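Please read the structure below before turning to the comments.
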Amino acid sequence: MKGNFHVRFLGEKGGVILPTYPTQIKLEDNEANFLHNFVRKGHKNARELTRASILLLSNQQKGVTEITETLDVSRNTTLNIRKRYLEEGLPSALSDKPRSGQSVKYTEKHVAEVIALACSSSPDGSKRWSLSLLTEELRKKEGFKTIGKESVRLILKKAKLNLG
């Protein structure tokens with residue numbers, strides 16, 4: 001096993017092996033000043049402000065329990081932010097890590113093309129564009145060979161366009 005561990009005894013039932021976590025966080029002066037300004041201005045994402053506050057309180061030698069109660073965050077959140085700061089530095093401790101999931105398929109240029117086509121005059125024989133007609137027409141264009149009706153619908157919905 002990696003890391004430091006200790007055994008915590010729970011009465012007569014025996015012990016549980018728990019990881020030990022760093023108790024001392026010492027920010028550099030420039031990091032502490034940055035975090036004070038960051039929190040004071042407050043124009044950031046709420047999660048980033050919470051992370052900054054965790055680090056500032058940790059720098060003041062506050063314990064995990066005190067930090068969790070003061071900021072109303074979970075123990076794991078406090079421990080994870082402190083650990084990330086020690087292992088990866090300040091920028092990583094403040095920001096979100098990339099999330100898993102499928103990347104965006106269609107760029108802003110693609111979206112603009114869909115919207116432009118939807119706003120253009122409908123094809124001969126039709127009063128207006130339908131999702132099926134739009135999808136069919138888009139599939140004839142480069143970069144849209146596999147686009148589906150649902151993708152077209154979501155693009156139009158996000159742009160607040162109604163075909164009806």
Straight-line reach check, residue 157, cutoff 20 Å on alpha carbons, 8 or more apart in-chain or any other chain, hits among aspartates and glutamates -> 108, 113, 136, 137
Principal axis dimensions, largest first and in whole angstrom, of segment 108-157 by Cα = 28, 19, 17
By average C-beta atoms within 10 angstrom, highest first, the peptides 50-56, 90-96 = 50-56, 90-96
If only Cα atoms are counted, what is the Rg of the chain, and what is its Dmax, in Å?
-> 26.3, 83
Stretch gain in nm, segment residue 47-residue 105, where the contour uses 0.36 nm per residue and the Cα spacing is subtracted = 18.1 nm
Provide the per-residue ³J(HN,Hα) series for segment 82-95, in order, calculated from phi with Karplus coefficients 6.51, -1.76, 1.60 and θ = phi - 60°, each as a whole number of Hz, with x at glycine and proline positions.
-> 4, 5, 4, 4, 5, 8, 10, x, 5, x, 5, 5, 7, 9
17 Å tail of the calculated P(r), segment 36-119, as % of Cα pairs = 57
Size of the dipole of segment 101-164 about the Cα centre, Lys and Arg at +1 and Asp and Glu at -1 on the beta carbon, nothing else charged, in debye to 20?
-> 180
By how many degrees, 0 to 90 and rounded to 10, does the Cα axis of helix 46-59 deviate from the longest principal axis of the chain?
-> 20
Dipole size in debye (nearest 20) for the chain around its Cα centre, Lys and Arg Cβ +1, Asp and Glu Cβ -1?
-> 520
When the chain is treated as a GNM, springs tying every alpha-carbon pair under 10 Å, which of 154, 71, 49 comes out with the largest mean-square fluctuation?
-> 154
GNM of the chain, Cα pairs under 10 angstrom: of 27, 117, 35, the biggest fluctuation goes to 117
Summing -39500 (n - 2.57) over the DSSP H runs of n ≥ 4 in the chain and dividing by its residue number, what mean residue ellipticity at 222 nm do you reach, to the nearest 500 deg cm²/dmol?
-> -15500 deg cm²/dmol
Taking the highest mean first, how do the peptides 101-108, 133-140 order by number of other beta carbon atoms within 10 angstrom per residue?
-> 133-140, 101-108
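Each reported figure results from applying straightforward, stated rules to the coordinates on display, with no laboratory input. Owing to the predicted nature of the structure, the values given are computational and were not obtained by experimental measurement. Reconstructed Cβ throughout: ideal geometry from the backbone, glycine too, with neighbour counts over all protein chains shown.
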